[in-house]
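Encoded as C-alpha coordinates, the structure appears first; notes follow it.
The values are calculated or read from the model by the stated rules, or taken from the named source; none is laboratory data. For clarity, every value in this text was computed on a predicted model and none was experimentally measured. Heads up, the Cβs are rebuilt from the backbone with ideal geometry, glycines too, and the neighbour counts pull from every protein chain shown.
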Amino acid sequence: MTIQHPPDPTAAEMAMHLPPAITRYLREADPQHKANAHDLLAAFAADATVIDDDGTTYTGHDEIHRWRETETSEYTYTVEVSHVERFDDTHYVVTHHLEGDFPGGVVDIIYRFTLADGLITKLEIAP
(Lines give C-alpha, C1' and ligand atoms only; values in the text may rest on other atoms or scores of the structure.)
Protein backbone atom coordinates (compact mmCIF):
# COMPACT_ATOMS: atom_id res chain seq x y z
CA MET A 1 0.00 0.00 0.00
CA THR A 2 1.35 3.40 -0.98
CA ILE A 3 0.40 6.52 0.92
CA GLN A 4 0.47 9.64 -1.16
CA HIS A 5 0.89 12.98 0.50
CA PRO A 6 -0.30 16.14 -1.18
CA PRO A 7 2.51 18.36 -2.42
CA ASP A 8 3.65 21.17 -0.17
CA PRO A 9 1.65 24.30 -0.89
CA THR A 10 3.42 27.10 -2.69
CA ALA A 11 3.94 30.47 -1.02
CA ALA A 12 1.30 31.98 -3.30
CA GLU A 13 -1.21 29.30 -2.26
CA MET A 14 -0.39 29.85 1.41
CA ALA A 15 -0.76 33.62 0.98
CA MET A 16 -4.38 33.05 -0.08
CA HIS A 17 -5.08 31.77 3.43
CA LEU A 18 -3.55 34.61 5.41
CA PRO A 19 -5.77 36.49 7.87
CA PRO A 20 -7.68 39.38 6.27
CA ALA A 21 -5.66 42.07 8.10
CA ILE A 22 -2.38 40.77 6.67
CA THR A 23 -3.88 40.39 3.20
CA ARG A 24 -5.19 43.95 3.40
CA TYR A 25 -1.80 45.34 4.49
CA LEU A 26 0.09 43.47 1.75
CA ARG A 27 -2.39 44.67 -0.90
CA GLU A 28 -2.31 48.30 0.23
CA ALA A 29 1.51 48.29 0.55
CA ASP A 30 2.03 46.81 -2.94
CA PRO A 31 3.58 49.45 -5.24
CA GLN A 32 1.37 48.26 -8.12
CA HIS A 33 -1.76 49.04 -6.10
CA LYS A 34 -2.99 52.60 -5.56
CA ALA A 35 -2.87 52.62 -1.78
CA ASN A 36 -5.74 53.96 0.26
CA ALA A 37 -4.72 55.23 3.71
CA HIS A 38 -8.07 54.32 5.26
CA ASP A 39 -7.90 50.74 3.96
CA LEU A 40 -4.28 50.38 5.05
CA LEU A 41 -4.94 51.66 8.57
CA ALA A 42 -8.01 49.42 8.90
CA ALA A 43 -5.58 46.48 9.04
CA PHE A 44 -3.94 47.84 12.21
CA ALA A 45 -5.07 48.06 15.83
CA ALA A 46 -5.28 51.68 17.05
CA ASP A 47 -2.13 51.23 19.18
CA ALA A 48 -0.21 49.06 16.69
CA THR A 49 3.54 49.32 16.29
CA VAL A 50 5.56 49.15 13.07
CA ILE A 51 9.33 48.73 13.13
CA ASP A 52 10.61 49.43 9.65
CA ASP A 53 13.71 48.06 7.94
CA ASP A 54 15.94 50.84 9.27
CA GLY A 55 14.83 50.22 12.88
CA THR A 56 12.52 53.22 13.24
CA THR A 57 9.41 52.57 15.35
CA TYR A 58 5.98 54.01 14.55
CA THR A 59 3.12 53.63 17.03
CA GLY A 60 -0.56 54.32 16.43
CA HIS A 61 -2.53 55.14 13.31
CA ASP A 62 -1.20 58.69 12.92
CA GLU A 63 2.47 57.64 12.95
CA ILE A 64 1.83 54.60 10.75
CA HIS A 65 0.00 56.82 8.26
CA ARG A 66 2.90 59.30 8.18
CA TRP A 67 5.35 56.41 7.71
CA ARG A 68 3.43 55.03 4.72
CA GLU A 69 3.12 58.50 3.19
CA THR A 70 6.92 58.87 3.23
CA GLU A 71 7.55 55.35 1.92
CA THR A 72 7.03 56.29 -1.71
CA SER A 73 9.88 54.91 -3.74
CA GLU A 74 11.95 56.49 -6.46
CA TYR A 75 12.42 52.98 -7.86
CA THR A 76 10.15 50.66 -9.77
CA TYR A 77 10.01 47.01 -8.81
CA THR A 78 7.90 43.90 -8.77
CA VAL A 79 6.82 42.06 -5.63
CA GLU A 80 6.22 38.34 -5.26
CA VAL A 81 5.36 36.40 -2.11
CA SER A 82 8.18 33.88 -1.79
CA HIS A 83 7.52 32.44 1.67
CA VAL A 84 4.69 32.29 4.20
CA GLU A 85 5.01 30.81 7.65
CA ARG A 86 2.28 30.54 10.27
CA PHE A 87 3.48 29.96 13.82
CA ASP A 88 0.04 30.13 15.44
CA ASP A 89 -3.17 32.13 14.98
CA THR A 90 -1.44 35.37 15.97
CA HIS A 91 2.07 35.12 14.47
CA TYR A 92 2.93 35.01 10.77
CA VAL A 93 6.00 35.67 8.65
CA VAL A 94 5.69 36.68 5.00
CA THR A 95 8.70 37.11 2.73
CA HIS A 96 8.46 39.29 -0.37
CA HIS A 97 10.93 38.89 -3.21
CA LEU A 98 11.54 42.25 -4.91
CA GLU A 99 13.20 42.80 -8.29
CA GLY A 100 13.67 46.23 -9.78
CA ASP A 101 15.87 49.15 -10.71
CA PHE A 102 17.12 49.83 -7.16
CA PRO A 103 20.79 49.25 -6.18
CA GLY A 104 21.45 45.51 -6.22
CA GLY A 105 18.28 44.85 -8.21
CA VAL A 106 17.04 42.01 -5.98
CA VAL A 107 16.13 41.78 -2.29
CA ASP A 108 13.96 39.71 0.01
CA ILE A 109 11.97 41.63 2.62
CA ILE A 110 10.69 39.81 5.71
CA TYR A 111 7.45 40.92 7.38
CA ARG A 112 6.79 39.58 10.89
CA PHE A 113 3.15 40.08 11.88
CA THR A 114 1.57 39.83 15.33
CA LEU A 115 -2.24 39.89 15.46
CA ALA A 116 -4.89 40.36 18.14
CA ASP A 117 -8.64 40.45 17.60
CA GLY A 118 -8.10 40.14 13.84
CA LEU A 119 -5.89 43.25 13.55
CA ILE A 120 -2.15 43.79 13.22
CA THR A 121 -0.71 44.85 16.58
CA LYS A 122 2.94 44.64 15.56
CA LEU A 123 4.73 44.58 12.23
CA GLU A 124 8.49 44.17 11.99
CA ILE A 125 10.11 44.65 8.59
CA ALA A 126 13.63 43.43 7.85
CA PRO A 127 15.74 42.80 4.76
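Just a few scattered comments:
- Selected residue (only one of 35, 11, 45, 15 is modelled with pLDDT of 70 or more and either surrounded by 15 or more Cβ atoms within 10 Å (Cβ to Cβ) or touching a helix residue (DSSP H, G or I) at 6+ places or on another chain (Cβ under 9 Å) (or both)): 45
- Evaluated against (1) surrounded by 11 or more Cβ atoms within 10 Å (Cβ to Cβ); (2) touching a residue at least 40 places away in the same chain (Cβ under 8 Å), residue 99 falls short on exactly one condition, (2).
- Those residues of the range 74-93 which are at pLDDT below 95, β-branched (Val, Ile, Thr) and part of a strand (DSSP E or B), in sequence order: 78, 79, 81, 84
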